[in-house]
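Working notes for the structure below.
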Amino acid sequence: MNEPILYSFRRCPYAMRARLALLVSGMRCQLREVRLSAKPEAMLTASPKGTVPVLVLPDGTVAEQSLDIMRLALAGRDPEGWLGREDAALIAVNDGAFKHDLDRYKYPERHDADAARHRARGLAFLGELDARLARAPFLGGAARGFTDAAIVPFVRQFAAVDRAWFAGLELAHLRPWLEAYLASPLFAAVMAPVKPWSPEADPVYFPA
């Protein structure tokens, strides 16, 4: 194996942020799109936890957490200085309390949850992000960075649950930030459709 292998799922927010960092860093890898209903044995052998993303390096090293993949890629090459704009505390809130509420807002039946209550709690976090974006154009300051990439896929998912409701919110700074990020060539590149991987298929490389 000459290139790293990334096991990914296009719509997974954790995999999205890993791909964003890989793309910015220029770390070329074989991209293996996973069917969550039929996870490949090669991925489960590398990472028995069975969730994406998983990055397998040529020397056999495995990174199986999205933030670790981001840091690993950017440690090799970080042309935009993303690592200098990482707010670990804010990302921890996103990955903890906000993700908890997001899941229960999006899938209330699955969690036997009150969707309205969890939507309100999630909105409180978005209000914090909006206040931060009132002070600077990005979550990490004057330029996009690690924190934006780590959080934007989850805000995207929250917004998509009820687009009409979200469009009516008074989030004067967060909504333009989200819309600009989703319209960027960077995000378009990481969201390009990919056929699910099979051992017989020709390799798919990312960045293309």
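Expected output is a single nm value to one decimal: the length gained when fully extending between Asp59 and Glu109, i.e. 0.36 nm times separation in residues minus the C-alpha distance. What is it?
13.7 nm
Over the chain, with a Gaussian network built from C-alpha contacts below 10 Å, which listed residue (Ser47, Ser37, Ser66) shows the highest mean-square fluctuation?
Top of the fluctuation ranking is Ser37.
Once the Cβ-Cβ distance between Ala120 and Leu44 is put in as r, and R0 is 41 Å, what FRET efficiency do you end up with, to the nearest 0.05?
Rounded to the nearest 0.05, the efficiency is 0.60.
Using the alpha-carbon centroid of each, what span in Å lies between the stretch 142-170 and the stretch 49-105?
Rounded to whole Å, the Cα centres lie 17 Å apart.
Can you check what the net charge comes to around Ala88, using other residues whose Cβ is under 13 Å from the Cβ of Ala88 (Lys, Arg +1; Asp, Glu -1)?
Taking every Cβ under 13 Å from that of Ala88, the sum is -2.
What is the angle, in °, between the Cα long axis of helix 66-76 and the longest principal axis of the Cα atoms in the chain? Nearest 10 is fine, range 0 to 90.
Helix 66-76 sits at roughly 70 degrees to that axis.
To the nearest 10 degrees, how steeply does helix 13-25 sit against the main Cα axis of the chain, on a 0 to 90 scale?
Rounded to the nearest ten degrees, it is 70.
Please compute the length gained on full extension between Glu179 and Trp165, using 0.36 nm multiplied by the number of residues separating them and subtracting their Cα-Cα distance. Present the calculation step by step, with values, prior to reporting the outcome.
Numbers: separation 14, 0.36 × 14 = 5.04 nm, distance 1.54 nm.
Extending this stretch completely gives an extra 3.5 nm.
Once you have a ≥ b ≥ c as the square roots of the Cα gyration tensor eigenvalues for the stretch 68-208, tell me rounded if a/c is under 1.5, and otherwise prolate or oblate according to whether a/b is larger than b/c.
Oblate, because a/c is 1.5 or more while a/b does not exceed b/c.
For a quick protection proxy, order the peptides 163-174, 93-104 by their average other-Cβ count within 10 Å, most packed first.
93-104, 163-174
Once Rh is set to the Kirkwood radius over Cα pairs, what Stokes-Einstein translational diffusion coefficient, in µm²/s, holds for the stretch 7-49 at a temperature of 10 °C and a viscosity of 1.306 mPa s?
This corresponds to a translational diffusion coefficient of 141 µm²/s.
Values in this text are rule-based calculations from the coordinates and carry no lab data. Source: prediction; values computed, not measured. A quick note on method: Cβ atoms are made from the backbone with ideal geometry, for glycine too, and the neighbour counts reach across all protein chains shown.
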